[in-house]
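The values are calculated or read from the model by the stated rules, or taken from the named source; none is laboratory data. Remember, it's a predicted structure, so these values are computed and weren't measured experimentally. Cβ placement follows ideal geometry from the backbone for every residue including glycine, while neighbour counts extend to all protein chains displayed. These accessible areas exclude ligands, DNA and RNA; they are computed on the full protein's heavy atoms, side chains included. Shrake-Rupley method; radii C 1.70, N 1.55, O 1.52, S 1.80 Å.
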Amino acid sequence: MTQQTSGAAGEIAAGYVSEGAAIELGAVVIDGQVEAGAAVRLPLATLNRHGLVAGATGTGKTKTLQLIAEQLSAAGVPVVLADVKGDLSGLAEQGAANDKVTKRAAELGDDWRPAGFPVQFLSIGTGGTGSPIRATITSFGPILLSKVLGLNDTQESTLGLIFHWADQRGLALLDTKDLRSVITHLTGDEGKEDLKGIGGVSAATAGVILRALSNLEAQGGEDFFGEPELDVKDLMREVDGKAVVTLLELDNLQSKPALFSTFLMWLLAELFEVLPEEGDLDKPKLVFFFDEAHLLFNDASKAFLERIEQTVKLIRSKGVGVFFCTQLPTDIPNNVLSQLGARVQHALRAFTPEDQKALARTVKTYPTTKNYKLDEALTSLGIGEAIVTVLSERGAPTPVAWTRLRAPRSKMGSIGPAAIAAATTASDLHAKYSETIDRESAYEKLMAKAAPTAPDAPAASEAPAAEAPAPKQEKEEPGFLQKAMKDPAVKSFLRSTASSLGRELTRGLFGNRKR
């Protein structure tokens, strides 16, 4: 299982020496023995090089996320975590010592003390116990929305045209009824005329998008899209010297996995648009944990995957670190995986031929080592143990270390629905986001345009004789304009002018609104 090397623990630990602040992960294990003096650390200065936490179900990934999150909070670094199982709510309360915790602390030389951390609870839409958060259709953009709706490349292109038209005319797409009304308009006679010269929306493609939109509404998407929209600056707060940990409640993840995973990508894209360029910092401005990351990449279009790769590459300069959490490193596309500097790999199973292939591929994603046979090590790790390699402060990969991880200082487990609900109600974010706002947007404007105008002035025949010449002159001018509008050159000029003068949004990497 392991290969004994003289002084191996010391050699490995030497690679993890950090001059600056660092996350204390645990201690090196050689031949089953913990070397308490051989610490494994993750430098804060390298967290914007991103990371991966992987492993089979039940191997301790959640506790690793908790361990890292509480140390980031203590260091003043805000954290965003998707709480898929509800277990991470324990971050809000102090942990309790027990035999397992005491034994783990003793063998690692850890001065374990219980501690709680400031936590704010958010839910996607209005169905959860956290403060409801929303995004507008306009800010989501066509690429992210296409992922949620499950559209193919052609349909995604059509949705992009629909967004372009709405942006050009200053029609805010705040919720699903706004998008539905714009699609309906563009498939009518007037809408087809509006789109001449820049393409069109076929009835068949519009039907596919509308049906997908109906399915999304049935899954709760109608409650998610709208206002007030989440201000991502609310994710970067501090209480009593500790940074706030934001937990996104995803307890009904399986009912709408595409919406949840794509929403997390929207959050990341919004952070990219909002935050200024920072370069390399002593510690990140925020660390974002992308749990159940495989859902993000399932059935993703080429355009979507390219945008993810670009965002991960570029957001490090904004001081944001991203950790992808999943069962296998191979769940992450190679172009993204190659950018993840820190790796915490929990145990894998190799019960089937498919498992064995995945294990072999996983081994190839780690640096070679003379200290462990990685294929054997990865199937022999105990709960709360992991194979770790990170980037040193010099930017070089550290030696692979079989690591026994520290126990979290906060409560390991949920604090319960009642406590979460009480914390949510007491939060100032609840007052800010709990009530839905429905202001005038595309739906209202298009409905008003379609409605017949009631007469509110006397007809021309009822006007005094002395005023007769004025109505006659007014009648001639519209006639002239109507004729001019039939001229293709005039229509092209007006369309161009409207495009340059109209309020068209500038969109970012994902087609999301740029702030």
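A count restricted to segment 285-303 and to residues that are assigned to a helix (DSSP H, G or I) and under 22 Å from Q327 (Cα atoms) stands at 4. Between R307, R343, the distinction of being at pLDDT 90 or above and outside any loop (DSSP other than H, G, I, E, B) belongs to R343 only.
When you scan segment 150-179, how many residues do you find that are without any contact (Cβ under 8 Å) to a residue 60 or more places away in the chain, over 26 Å from F297 (Cα atoms) and open to solvent by 10 Å² or more (accessible area, probe 1.4 Å)? Spell out the reasoning first.
Here is the first cut: in segment 150-179, the ones without any contact (Cβ under 8 Å) to a residue 60 or more places away in the chain are 154-155, 157-159, 161-162, 165, 176.
In the following step, the residues that additionally are over 26 Å from F297 (Cα atoms) were identified as 165.
Subset that is open to solvent by 10 Å² or more (accessible area, probe 1.4 Å): none.
Matching residues across segment 150-179 total 0.
Residue-level analysis places K147 outside the set of residues that are without any contact (Cβ under 8 Å) to a residue 60 or more places away in the chain, basic (K, R) and either on the phi < 0 side of the Ramachandran plot or outside any helix (DSSP H, G or I) (or both). Looking only at segment 204-241, residues that are β-branched (V, I, T) and either under 15 Å from F263 (Cα atoms) or in contact with a Lys or Arg (Cβ under 8 Å, 6 or more places away or on another chain) (or both) come to 1 in all. Among the residues making up segment 167-212, those that are β-branched (V, I, T) and part of a helix (DSSP H, G or I) are T176, V182, I183, T184, T205, V208, I209. Checked against (1) buried (at least 22 other Cβ atoms within 10 Å of the Cβ); (2) in contact with a strand residue (DSSP E or B) (Cβ under 7 Å, 6 or more places away or on another chain), P408 passes all but a single condition, namely (2). In segment 77-95, the residue that is farthest from L268 (Cα to Cα) out of those that are open to solvent by 20 Å² or more (accessible area, probe 1.4 Å), at pLDDT 95 or above and not acidic (D, E) is Q94. Residue-level analysis places L268 outside the set of residues that are of a type in the set (A, V, I, L, M, F, W, C), open to solvent by 10 Å² or more (accessible area, probe 1.4 Å) and within 14 Å of the chain's Cα centre (by Cα). Taking each residue of segment 297-315 that is free of Cβ contacts under 8 Å to residues at least 60 places away in the same chain and over 17 Å from G51 (Cα atoms) and looking for partners that are of a type in the set (S, T, Y) and surrounded by 15 or more Cβ atoms within 10 Å (Cβ to Cβ) with beta-carbon atoms closer than 9 Å, six or more apart or interchain, yields N298/S261. Picking from residues in segment 406-418 that are modelled with pLDDT under 95 and of a type in the set (G, A, S), the one that is nearest to W112 (Cα to Cα) is G413. Residues in segment 150-166 that are assigned to a helix (DSSP H, G or I), more than 14 Å from L446 (Cα to Cα) and touching an Asp or Glu at 6+ places or on another chain (Cβ under 9 Å): 1 in all.
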